1. Sort out for me the strands (runs of 3 or more DSSP E) sitting completely within segment 1-93 that have 2 or more residues that are surrounded by 12 or more Cβ atoms within 10 Å (Cβ to Cβ) and either in contact with a Gly (Cβ under 8 Å, 6 or more places away or on another chain) or of a type outside the set (A, V, I, L, M) (or both).
2. Counting only residues that are aliphatic (A, V, I, L, M) and modelled with pLDDT under 95, which one in segment 1-29 is nearest to the chain's Cα centre (by Cα)?
3. Scan segment 11-25 for residues that are farther than 16 Å from ILE46 by Cα and aliphatic (A, V, I, L, M) and jot them down.
4. Going by what's in this entry, would GLU88 be described as on the phi > 0 side of the Ramachandran plot and of a type in the set (Asp, Glu)?
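The values are calculated or read from the model by the stated rules, or taken from the named source; none is laboratory data. As the structure is a computational prediction, the values presented were derived from the model and not from experiment. Positions of Cβ are backbone-derived with ideal geometry, glycine not excepted, and every protein chain shown enters the neighbour counts.
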Amino acid sequence: MNKTEKIAYEQLKKEGYLVERPRVSKWQPQDFFYCWDFIAIDKTEIRFIQVSSKYFSQRARDDQERMVRFPRPASTSKEYWRWDKKKEIFIVQKIGKEVETV
């Protein structure tokens with residue numbers, strides 16, 4: 001887990017989420033379903049979260065499409081968290097058919 005992911009992990013834990021991250025293995029991918037760094041769960045929702053210091057548009061086209069196509073059942077969200085170094089905050093984008101900034 002890199003520094004940015006650690007900050008996101010701690011923030012989600014503080015907000016009361018149960019946060020799961022993939023187990024590290026050199027034979028398996030580092031992300032859930034090749035997309036998500038974390039799955040955060042509370043009593044009402046499940047959040048699939050990708051953390052990065054890059055803009056969503058800077059990611060490889062395959063990565064973008066994989067996240068957009070990933071199914072989103074009721075009470076779930078797909079989120080892209082970009083770390084803004086200057087402001088030291090996450091810019092959160094919801095991923096659906098279109099990517100919208102929250």
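1. It comes to 46-52, 76-84.
2. Among those that are aliphatic (A, V, I, L, M) and modelled with pLDDT under 95, it is MET1.
3. Passing the criteria: only VAL24.
4. It is true that GLU88 is on the phi > 0 side of the Ramachandran plot and of a type in the set (Asp, Glu).
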